[in-house]
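A.B. asks: Here it is: the structure, laid out below.
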């Protein structure tokens, strides 16, 4: 399977975002050919007691015949999934060491998800943010919408700083219907305030998936010469000798990552760690398989209820 | 391996510079854009002890380059036994100046002391030769003597030097050096072995007047070095005086001509450049009260006229005073001593006042000059009695009947000059008796309206010496109306006659023949107006005086003699030569006498006549300013600095150093080091260029 994976650096050389997404999605289809998690359909979710005012169409008559009780049959709303891709376009996303930036990776990942989900018939929208929400394309599923989403993702970046919590609070107002929210960001912001905002989204009923992007240079900090390091967002400069600062950096960074992951788990959000040198297929596969597991789990929960 | 200039090795300490530079971590100037600084902390600068050396290869190359550079300047060389100075010591040639200028003060004593000290300091393995020089070199202590008596070297040299006093000669430094080189060369060829290092030490006042022209042709052996030890004069306040050219008679005014004859009354006085005296006085020694005073700034010279001196004063000594040194303050002027030449004329004494007679012209030509006093006697018969004490005889063929041919012939053979003037074609038999080829035919030339000119003239012959001057050789105005034709047998015994001049019709005009020590001269035409214009022309006086000069009686001024010149002894037999100090000078093997002192030499001839010659100091010797050593250096003298070199151990060290320099120059190790250095620099450049700068990925 490894041979079928596309190197991100090679992928990023494809200019068209749409084509990139197609390469990844088709690659994954090919890879998942024999996957046991094939397909999604209208799935039974749970029964509940009929109350006055319920639509009599959903009363399970077979149960009425067997037990003379009125139950309403509930189905999962998967076919009508509304997915909002939230892409970070702050200055820090422009950093990249492998020949492409995190922003490009993020755009490709978003395009891949979009392409994949729309192929399933889901409605997909995209929201870009930096200090605040910059562009917002509501989730839809109709011909031509994919192109619009792609165009939005291909727009040049304008943002400077990152203010994820502000963007999320703005977004909460924009998203009327419940759905899935895929946040693609490098999470270079304090986690504490982020937690409340993300918790808010979860409370509203959104299913939040966090893609945590990290460049290889950020992960390993493989610099070997002392230099003045400049913050991409604030412009602040400090003198750093990588030889002495590396250890501390790695410690801080992994602590931050762990904190982000814990927070997501605590809030019941799905967390994906995506180094940008990792093939996109894997990220997509992980996402898909995670969704499938979650579906099974939820079905199991429903059955137990 | 040893080093010629080991001090340069200190330069190797400069390797600390690249090491420090490599240790120094430049504050990074590069900037790295990073996504966020939230996990980073500013780093401290590295403390010195934690600094690490980067780029070891580059550092090594740079250090190597500096070490090579220092090594190259230190000039390494490998000493080998053969290269070291030989143990057979140095060859010393010591030349001490004994010229007249060394008479100043105690300069000679100091020179002798210096030489003695130098000789005493030499090693037993050295070889020493000592000589003195002025215009020539005299060896006092030769290498052979030195080899025989090494132990007595110092004593022997001192003893020899004690016998020498400075003379009155000029300084021929160049010739002396060339001569000394030949001593060393002769020694080398005798020894046959390798050449020793030779040191020529010249102890002299090195005056400006020393002659060094001979150095231009000198070839200096490579092993020879020359050291000049200057004996400094206490001061340079020196006037020098020499005779200036006499005033031409034509410039003298009438009154002066009438006054007593003036001799040597113009002198050139010079003052040394470094002199501090300016006032001088001149006077004749015989007249101390008649002072001529003058003012002469340093470095200048002027001609001064002196009070006239009577001829009766005898030899004159001009004394200059006013300066510190008197060795060159006297000028000796010999009194006028005209030569007496006795001539006899065979003819009619009455014709002396007849304007058409040959005697009329001859008697008027033979006027006394300052240097020649002709005494003409007229005789009616020519024989041994009338020829006694006579140097030149004139015979007219018209009156030649009274010639006693055998006596005249023997007189000629003893050195007489007989001039036979053929004014008429008569008495050919008398002439034939003298003529070496016997019978001659004498006829009148054919009468013609035309005149004859002299066609060919052998001006190189001593008898026609005055006409050697091109200005006098124009004889086209001397016309001959009548002449005789002289013919003689082409072959026969006796000397072959020589035709000195011919008429333009090829008849001989002037014929000479040698008889014994004397000469017979035949003139085929008279000089009187009946025969020719010769007596009336300007050529007659030079012609007659030319004959007198050929007979040994020149009327030119006496030669001015300086020390070293040969005394003109003349033709007369010399009985004795008295030097100025009164001693009798022994004639040399070749019968010549060279003047060694200043003053008056008296030459007594066998006939009792005494001739006084004034001998003066060579004028150049009075130039006592120090000779610039650069002139000697320019002349190619391999000089070494006298102040730096000392005899003895220091001298040995010096020679060792010279040998080391030579050895190093042969090995040229520094050349290879230079090549290595360049290679290292190329490698350093390549390595430094190849090293890619480490930047953030």
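A.B. asks: Give me the Debye-computed log₁₀ of I(q)/I(0) at q = 0.08 Å⁻¹ for chain B, equal point scatterers on Cα only, no solvent, two decimals.
C.D. replies: -0.87
A.B. asks: With runs of 4+ DSSP H residues as the only contributors, calculate the mean residue ellipticity of chain A at 222 nm using -39,500 (n - 2.57) per run, divided by the residue total and rounded to the nearest 500. Can you show the working numbers first?
C.D. replies: Working: 10 runs with 135 residues, N = 305.
Taking each H run of at least 4 residues, the total per residue is -14000 deg cm²/dmol.
A.B. asks: Here's something else I'd like to know. Say R0 is 56 Å: what FRET efficiency, to the nearest 0.05, do residue B:450 and residue B:232 get from their beta-carbon distance?
C.D. replies: Details: r = 79 Å, r/R0 = 1.41.
Step by step, r from the Cβ atoms, then E = 0.10.
A.B. asks: Continuing with the same structure: So what is the diffusion coefficient of region B:109-181 in µm² per second by Stokes-Einstein at 25 °C and 0.890 mPa s, using a Kirkwood Rh over Cα pairs? Walk me through the numbers on the way to the answer.
C.D. replies: Details: Rh = 12.8 Å.
Answer, rounded: 191 µm²/s.
A.B. asks: Over all directions, the average projected area of the alpha-carbon convex hull for region A:82-152 comes to how many nm²? Can you show the working numbers first?
C.D. replies: Numbers: hull surface 18.5 nm².
For the Cα atoms of region A:82-152, the hull's average projected area reads 4.6 nm².
A.B. asks: Which peptide among B:298-304, B:115-121, B:582-588 comes first, and what is the full order, when sorted by highest mean count of other Cβ atoms within 10 Å? Show your work: numbers first, answer last.
C.D. replies: Working: B:298-304: 13.7, B:115-121: 18.4, B:582-588: 10.9.
Ranked from most to least packed, the peptides come out as B:115-121, B:298-304, B:582-588.
A.B. asks: Further, regarding this structure: Just the Cα atoms of chain A, one point each, no solvent: what log10 I(q)/I(0) does Debye give at q = 0.11, 0.14 Å⁻¹?
C.D. replies: -0.72, -1.10
A.B. asks: Please compute the Kirkwood hydrodynamic radius of region A:147-255 from all pairs of different C-alpha atoms, in Å with one decimal. Mind showing how you got there, number by number?
C.D. replies: Details: mean 1/r = 0.0602 Å⁻¹.
Across region A:147-255, the inverse of the average 1/r is 16.6 Å.
A.B. asks: Averaged over A:93-103, how many beta carbons belonging to a partner chain fall within 10 Å of each residue's beta carbon? Please list the in-between numbers first.
C.D. replies: Details: counts 1, 2, 4, 1, 3, 1, 0, 0, 1, 1, 0.
The mean count of partner-chain Cβ atoms within 10 Å per residue comes to 1.
A.B. asks: How high is the relative contact order of chain B, given as a whole-number percent (alpha carbon pairs under 8 Å, six or more residues apart)?
C.D. replies: Working: 1321 pairs, mean separation 101.0, N = 697.
RCO, chain B: 14 percent.
A.B. asks: Hey, another quick one. More than 17 Å apart: what percent of Cα pairs in region B:284-399 qualify? Each step should come with its number before you reach the end.
C.D. replies: Working: 4617 of 6670 pairs.
The share of Cα pairs beyond 17 Å in region B:284-399 comes to 69 percent.
A.B. asks: Against the longest alpha carbon principal axis of chain A, how many degrees, from 0 to 90 and to the nearest 10, is the axis of helix A:191-204 turned?
C.D. replies: 20 degrees
A.B. asks: State the extension gain, in nm to one decimal, for the chain segment bounded by residue B:290 and residue B:414, taking 0.36 nm per residue of separation less the distance between their alpha-carbons. Walk me through the numbers on the way to the answer.
C.D. replies: Values: separation 124, 0.36 × 124 = 44.64 nm, distance 4.99 nm.
Stretched out fully, the residue B:290 to residue B:414 stretch lengthens by 39.6 nm.
A.B. asks: I need B:91, B:103 ordered by Cβ neighbour count within 10 Å, fewest first. Don't jump to the answer; show the numbers that get you there.
C.D. replies: Working: B:91 25, B:103 18.
Fewest-to-most Cβ neighbours within 10 Å comes out as B:103, B:91.
A.B. asks: Over region B:128-231, what is the relative contact order in whole percent, taking alpha-carbon pairs under 8 Å and six or more residues apart?
C.D. replies: Details: 118 pairs, mean separation 27.3, N = 104.
Across region B:128-231, relative contact order equals 26 percent.
A.B. asks: What percent antiparallel are the DSSP beta bridges of the protein assembly as shown, to the nearest 5?
C.D. replies: Details: 78 of 153 bridges.
Once the DSSP bridges in the protein assembly as shown are tallied, antiparallel ones form about 50 percent.
A.B. asks: Can you sort B:691, B:104, A:66, B:604 by how many other beta carbons sit within 10 Å, fewest first?
C.D. replies: Details: B:691 12, B:104 23, A:66 9, B:604 15.
Ordered by Cβ neighbours within 10 Å, fewest first: A:66, B:691, B:604, B:104.
A.B. asks: Still on this structure, please answer the following. For a protection proxy built on the mean count of beta-carbon atoms within 10 angstrom, sort B:231-237, B:94-100 highest first, please.
C.D. replies: Numbers: B:231-237: 17.9, B:94-100: 26.0.
Those peptides, ordered most packed to least, come out B:94-100, B:231-237.
A.B. asks: Under a crude label model (7 Å from the Cα following the beta-carbon direction), how far is residue B:124 from residue B:498 in nanometres?
C.D. replies: 6.8 nm
A.B. asks: Using just the helices of chain B, give the 222 nm mean residue ellipticity in deg cm²/dmol: DSSP H runs with n ≥ 4 each add -39,500 (n - 2.57), and the total is spread over all residues, rounded to 500. Intermediate results must be reported in sequence, preceding the final value.
C.D. replies: Details: 14 runs with 163 residues, N = 697.
Using -39500 (n - 2.57) per qualifying helix, the result is -7000 deg cm²/dmol.
A.B. asks: Tell me whether region B:91-134 comes out rounded, prolate or oblate; compute the Cα gyration tensor, take square roots of the eigenvalues as a ≥ b ≥ c, and use a/c under 1.5 as the rounded threshold. Before the final figure, lay out each step's value.
C.D. replies: Working: a/c = 5.86, a/b = 1.97, b/c = 2.98.
Because a/c hits 1.5 or more and a/b fails to exceed b/c, region B:91-134 counts as oblate.
A.B. asks: While we're looking at this one, here's another question. Can you give me the convex hull volume of the Cα atoms of the protein assembly as shown, divided per residue and expressed in Å³? If you can, show how the numbers build up before the last one.
C.D. replies: Values: hull volume 394.8 nm³, N = 1002.
Taking only Cα atoms, the protein assembly as shown has a hull volume of 394 Å³ per residue.
A.B. asks: Let me ask you something else. Please report the orientation-averaged projected area of region B:332-394, defined via the convex hull of its C-alpha atoms, in nm².
C.D. replies: On the way: hull surface 19.3 nm².
Mean projected area of the Cα convex hull: 4.8 nm².
A.B. asks: Extending each Cα 7 Å along its Cβ direction at residue A:234 and residue B:60, get the distance between those two points in nm, one decimal.
C.D. replies: 4.7 nm
A.B. asks: Given axes a ≥ b ≥ c from the Cα gyration tensor, I'd like to know whether region B:349-488 is rounded (a/c under 1.5), prolate (a/b larger than b/c) or oblate. Mind showing how you got there, number by number?
C.D. replies: Numbers: a/c = 1.42, a/b = 1.11, b/c = 1.27.
Because its axes are fairly even, with a/c under 1.5, region B:349-488 counts as rounded.
A.B. asks: Suppose R0 equals 51 Å; then what is the FRET efficiency for residue A:63 and residue A:15 from their Cβ-Cβ distance, rounded to the nearest 0.05? Each step should come with its number before you reach the end.
C.D. replies: On the way: r = 57 Å, r/R0 = 1.12.
With R0 = 51 Å, the Cβ-Cβ based efficiency is 0.35.
A.B. asks: Using a/c under 1.5 as the rounded threshold, could you call region A:209-295 rounded, prolate or oblate? The axes a ≥ b ≥ c are square roots of the C-alpha gyration tensor eigenvalues, and prolate needs a/b larger than b/c, oblate otherwise. Walk me through the numbers before you get to the answer.
C.D. replies: On the way: a/c = 2.77, a/b = 2.14, b/c = 1.29.
Taking the square roots of the gyration eigenvalues as a ≥ b ≥ c, region A:209-295 is prolate.
A.B. asks: Taking chain A as a Gaussian network, Cα atoms linked when under 10 Å apart, which of A:207, A:68, A:224 shows the biggest mean-square fluctuation?
C.D. replies: Result: A:68 has the largest fluctuation of those listed.
A.B. asks: Right, here's the next one. Where in region B:380-422 does the amide nitrogen come within less than 17 Å of the point 7 Å from the Cα of residue B:365, taken along Cα to Cβ?
C.D. replies: Answer for this model: B:391-398, B:417-422.
A.B. asks: Cα extents of region B:405-523 along the three principal axes, largest first, in whole Å?
C.D. replies: Rounded to whole Å, the extents work out to 38, 33, 23 Å.
A.B. asks: Hey, another quick one. Between residue A:6 and residue B:38, what FRET efficiency comes out of the Förster formula 1/(1 + (r/R0)^6) with R0 = 25 Å and r the beta carbon distance, rounded to 0.05?
C.D. replies: Numbers: r = 32 Å, r/R0 = 1.27.
Computed FRET efficiency for residue B:38 and residue A:6: 0.20.
A.B. asks: With a cut-off of 8 Å between alpha carbons and a minimum separation of six or more residues, what is the relative contact order of region B:487-541 in percent? Display every interim value, and only then the final one.
C.D. replies: Working: 60 pairs, mean separation 10.5, N = 55.
Relative CO of region B:487-541 lands at 19 percent.
A.B. asks: Please compute the average number of Cβ atoms from other chains found within 10 Å of each residue's Cβ in peptide A:181-190. Write down the numbers at each step before the final one.
C.D. replies: Numbers: counts 0, 0, 0, 0, 0, 2, 0, 5, 2, 1.
Mean shielding by partner chains, rounded to a whole number: 1.
A.B. asks: For region B:133-242, just list the percent of Cα-Cα distances falling in each 5 Å bin from zero outward, please.
C.D. replies: Values per bin, smallest distances first: 2, 9, 16, 21, 21, 15, 9, 4, 2, 1, 0.
Each value in this text was obtained by applying a stated rule to the coordinates, not by laboratory testing. Given the structure is predicted, the values throughout are model-derived calculations rather than measurements. Every residue, glycine among them, receives a Cβ derived from its backbone with ideal geometry; neighbour counts consider all protein chains shown.
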